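Asks: Below are the structure tokens for one structure; questions will follow.
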Amino acid sequence: MPTYDLETVECEKDLGVNIDSKLKFDKHIQTQVNKVNQLVGLIRRSFKYLDYKSFCLLFKSLAGPHLAYASSVWSPYKKKDIDSVENVQRRVTKMLRNLKDLSYEDRLKHLKLPTLRYRRL
């Protein structure tokens, strides 16, 4: 009877979630943050002027799903991971000219968006 050796892998992708060999999701979180940053760059290059309604529609439909997909599985618990995910929305809300000088919380109130941490909970 032949014997088979199992191959050791550093990271495996299952249902769109990257899981590393130590059951950590650091790689997945960084992948999602990078993907959303690319989408935000695409939005920034494609639209010269964004009003609030268009911005919210684009962010919620293009970037939001990447930050919310399977979040019950990979929800960050480390401060650096929570901050890296939240910094995406913090930076994106500064794209709107009239809201640039407001604090993050005020920008979210004005756009009627919850924090990403609240959405994950």
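The values are calculated or read from the model by the stated rules, or taken from the named source; none is laboratory data. Quantities reported herein were computed from a predicted structural model and do not represent experimental measurements. Glycine gets a Cβ as well: all are built from the backbone with ideal geometry, and neighbour counts include every protein chain shown. For accessibility, only protein heavy atoms count, side chains too; no ligands or nucleic acids. Shrake-Rupley method; radii C 1.70, N 1.55, O 1.52, S 1.80 Å.
Asks: Pull out a ≥ b ≥ c, the square roots of the eigenvalues of the alpha-carbon gyration tensor of the range 1-68, then state rounded if a/c is under 1.5, prolate if not and a/b is larger than b/c, and oblate in the remaining case.
Replies: In terms of gyration-tensor shape, prolate.
Asks: What does the accessible area per residue of the chain come to in Å², with a 1.4 Å probe and no ligands, DNA or RNA counted?
Replies: Result: 72 Å² of accessible area for each residue.
Asks: Reachable lysines from residue 53, Cα under 19 Å, same-chain residues fewer than 8 places away excluded?
Replies: Within the straight-line cut-off, residue 53 pairs with 94, 100, 109, 112.
Asks: Separate question: Between residue 6 and residue 68, take the C-beta separation as r, use R0 = 35 Å, and let me know the FRET efficiency to the nearest 0.05.
Replies: So the FRET efficiency works out to roughly 0.55.
Asks: Which option, [x] 42; [y] 60; [z] 29, is the value of percent of Cα pairs over 26 Å apart that was calculated from these coordinates?
Replies: Answer by label: [z].
Asks: Still on this structure, please answer the following. How much length, in nm to one decimal, is gained on full extension between residue 115 and residue 77, taken as 0.36 nm per residue of separation minus their Cα-Cα distance?
Replies: Fully extending the segment from residue 115 to residue 77 adds 12.1 nm.
Asks: Separate question: How far, in degrees from 0 to 90, does helix 79-93 lean away from the longest principal axis of the Cα atoms of the chain, to the nearest 10?
Replies: 40
Asks: Carbon and sulfur together cover what percent of the accessible area of the range 27-92 at a 1.4 Å probe radius?
Replies: Within the range 27-92, the accessible surface is 59 percent carbon and sulfur.
Asks: Calculate the length of the line joining the C-alpha centroid of the range 8-67 to that of the range 98-121, in whole Å.
Replies: Between the Cα centres of the range 8-67 and the range 98-121 lies a distance of 18 Å.
Asks: Each residue of the range 105-119 in order: what ³J(HN,Hα) in whole Hz does its phi give by Karplus 6.51 cos²θ - 1.76 cosθ + 1.60, θ = phi - 60°, with x for Gly and Pro?
Replies: Once θ is set to phi - 60°, the couplings for the range 105-119 become 4, 5, 4, 5, 4, 5, 8, 6, 10, x, 5, 5, 4, 5, 5 Hz.
Asks: Additional query: So which lysines can residue 78 reach, going by Cα to Cα under 22 Å and dropping same-chain residues fewer than 8 places off?
Replies: Partners found: 13, 22, 24, 27, 35.
Asks: Between residue 37 and residue 15, what FRET efficiency comes out of the Förster formula 1/(1 + (r/R0)^6) with R0 = 30 Å and r the beta carbon distance, rounded to 0.05?
Replies: Numbers: r = 23 Å, r/R0 = 0.75.
For residue 15 and residue 37, the calculated efficiency is 0.85.
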